[in-house]
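Input: a single structure, listed below in structure tokens.
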Amino acid sequence: RCDEEHVIYYDKFNYKSSKQLKKSGWVNGRLAYDDFFGKILGRFDHDDPVPQKRFDGIPTSASYVFLEFDFLEIDDWDGETFSVALNQEVISLGGFKREINEGRRSGISPNGIYWKSYSARPPHK
């Protein structure tokens, strides 16, 4: 039984170039700078290729995996949805609207993946 927590991957996106970002394993990633947040993975439009990252090194004895990230709702969101794919399963985190605090959300995917999200602060304009 695995009772210890192990950090498999942590990223602050302090790369000097998109080339360095690609070398770290990101596919279709891009770097941007925001005056409020600093260096971020983004900005993406709905027509852009989906950024992807594969995470290896998860112990086979692990009974669960905890994936945590900050989703920055910047610019115009008019009900567009945000999704995450885990093991080929697409999990929608719902729709987002500009200047609306979506609060707390949670759900269970058809394959039993439990997810939850919450707004840490009001949307950034």
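The values are calculated or read from the model by the stated rules, or taken from the named source; none is laboratory data. This one's a predicted model, so the numbers in the text were calculated from it and none came from an experiment. For neighbour counting, all protein chains shown are included, and Cβ atoms are generated from backbone atoms with ideal geometry for every residue, glycine included. Accessible surface areas use protein heavy atoms only, side chains included; no ligands, DNA or RNA. Shrake-Rupley method; radii C 1.70, N 1.55, O 1.52, S 1.80 Å.
Tabulated data for the structure shown
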{"quantity": "Charged-residue dipole, Cβ positions (Lys, Arg, Asp, Glu), segment 50-125 about Cα centre, Debye nearest 20", "calculated": "220 debye"}
{"quantity": "Residues with amide H under 5 Å from that of Lys39, placed H, sequence gap 5 or more", "calculated": "Asp34"}
{"quantity": "Integer Hz, Karplus 6.51/-1.76/1.60 couplings in order for segment 43-58, x for Gly and Pro", "calculated": "6, 10, 9, 5, 8, 6, x, 6, x, 9, 8, 9, 10, 9, x, 6"}
{"quantity": "Per residue accessible area of the chain, 1.4 Å probe, in Å²", "calculated": "82 Å²"}
{"quantity": "Quarter of the Cα convex hull surface for segment 54-125, i.e. its orientation-mean projected area (nm²)", "calculated": "5.7 nm²"}
{"quantity": "Cross-link pairs Lys12/Lys39; Lys22/Lys97; Lys19/Lys53; Lys12/Lys116; Lys39/Lys116; Lys22/Lys116 - those with Cα-Cα distance over 19 Å", "calculated": "Lys22/Lys97; Lys12/Lys116; Lys39/Lys116; Lys22/Lys116"}
{"quantity": "Cα pair distances of segment 1-107 binned at 10 Å [whole percent]", "calculated": "11, 38, 37, 14, 1"}
{"quantity": "Positive-end residue of Trp115, Ala32, Val90, charge dipole of the chain with Cβ unit charges", "calculated": "Ala32"}
{"quantity": "Apportionment of accessible area to carbon and sulfur, the chain, percent (1.4 Å)", "calculated": "49 percent"}
